[in-house]
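The values are calculated or read from the model by the stated rules, or taken from the named source; none is laboratory data. Remember, it's a predicted structure, so these values are computed and weren't measured experimentally. Neighbour counts run over all protein chains shown; Cβ positions are idealised from the backbone, glycine included.
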């Protein structure tokens, strides 16, 4: 007979394990093999019934495991590709590194060779410099104290010369003995050297000596100190040698060269040129021309002096000392210059050497004052008498600020009332010229310069 599923397996099991019933009459015990087979089939049915509800969950878990495995394999493959790419890049970088090491080694070798060549060239250059400088006399630059003393002496020479030479003409002026007026051209030339501030003070009483001193100092400034070098270096009209030196120095200063090297080169070059016999003869000629021209200019205020004696006196006491002073200044490495007061000198009297006309030419000390100080209320600025001496120290890599070592001289009036006005020699001379307007049209370089050399036009310095 067929085995039918018992709706309750446990109950079946209980029935199967019941103790054997006593045999009834005539009935035998069940077959043991048949019993075991039935029990095995019951267990299988029980397992099948338990597994059936878990089948979808197992399939989902299996699918997740498959996806995770595929993702892991994909990640591992990508990582493997990255590692292979990185290894390839590392190989390329190692090759480049080896190449750079080789280039560096070659460059270092070239650098060592270049340094050795540079040392050799530097040694050769130094030997050449030493040879050149041994052929030249040892240059000794003028110091600031020496320059100050030399300029003070020059100004003193000019003042003493005027004080000794001008009184006869002033006496004739006061006594009315100056009858014949000088030629208009000669008077116009003299008055052209009177700077603009002084032209408004021509009638100031007792100012004639200061006017003449100012004219001489202005002439010397034009002849010697307003140029980059005081004396012609060749026979050309435009002094081509000096122009070449100035241009070359300017070009050098635009290169990676410090100011000290440029000035040293200029000083050595000028020292070599001025050591030649040809320059010495040219300098003598130039000094003679300046002396003769200055004597001709001043003969209008010292008309009684013999011409030869006047020329000799000016050359000995003024022109030669001025030329010697300019020579030392222009050969120095430091930059020395003579500068006139600025146009606003009347408001900056504290920085100038003030000569008081009211006290007969004594120095009026206004240091530490300003334009609003009580000490300045009765002080009137008249005109400039002499330029100041300034220096720019040239140090390694830079220039020091401009420094005054001798202050400009200005004439002031510090007395009661206004400046006294009287007939003066300067007024008489300027009236002898055709007119002050004609003087302005007559260029100063033609009227005030030595006949053999054209001097630059007048320039007003700014302190």
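Quick look at the numbers
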read-out	value
Condition met for residue 318 (buried (at least 17 other Cβ atoms within 10 Å of the Cβ) and either touching a strand residue (DSSP E or B) at 6+ places or on another chain (Cβ under 8 Å) or modelled with pLDDT of 95 or more (or both))	yes
The one condition in (1) more than 21 Å from residue 319 (Cβ to Cβ); (2) assigned to a helix (DSSP H, G or I) that residue 234 fails to fulfil	(2)
Lone qualifier among 253, 291 - being part of a helix (DSSP H, G or I), surrounded by fewer than 16 Cβ atoms within 10 Å (Cβ to Cβ) and in contact with a helix residue (DSSP H, G or I) (Cβ under 7 Å, 6 or more places away or on another chain)	253
Of the criteria (1) closer than 30 Å to residue 325 by Cα; (2) in contact with a helix residue (DSSP H, G or I) (Cβ under 8 Å, 6 or more places away or on another chain); (3) not in a loop (DSSP other than H, G, I, E, B), which one residue 148 fails	(2)
Candidates 297, 310 - the one that is surrounded by 17 or more Cβ atoms within 10 Å (Cβ to Cβ), in contact (Cβ under 8 Å) with a residue 40 or more places away in the chain and part of a helix (DSSP H, G or I)	297
Single unsatisfied condition, residue 222 versus (1) in a helix (DSSP H, G or I); (2) more than 30 Å from residue 328 (Cβ to Cβ)	(2)
Residues of the range 335-375 satisfying the condition of being in contact with a helix residue (DSSP H, G or I) (Cβ under 7 Å, 6 or more places away or on another chain), modelled with pLDDT under 90 and surrounded by 12 or more Cβ atoms within 10 Å (Cβ to Cβ)	369, 370, 371
Test: residue 177 is under 26 Å from residue 338 (Cβ atoms) and either assigned by TED's automatic domain parsing to the domain that holds residue 385 or in contact (Cβ under 8 Å) with a residue 12 or more places away in the chain (or both)	no
Failed item in (1) touching a residue at least 24 places away in the same chain (Cβ under 8 Å); (2) within 21 Å of residue 361 (Cβ to Cβ), with residue 164 passing the rest	(1)
Residue check for residue 194: within 38 Å of the chain's Cα centre (by Cα), within 30 Å of residue 276 (Cβ to Cβ) and outside any helix (DSSP H, G or I)	no
Of residues in the range 258-286 being outside any helix (DSSP H, G or I) and either surrounded by 13 or more Cβ atoms within 10 Å (Cβ to Cβ) or not assigned by TED's automatic domain parsing to the domain that holds residue 400 (or both), the one nearest to the chain's Cα centre (by Cα)	258
Some residue of the range 157-164 being within 29 Å of residue 307 (Cβ to Cβ) and loosely packed, with under 13 Cβ neighbours inside 10 Å	yes
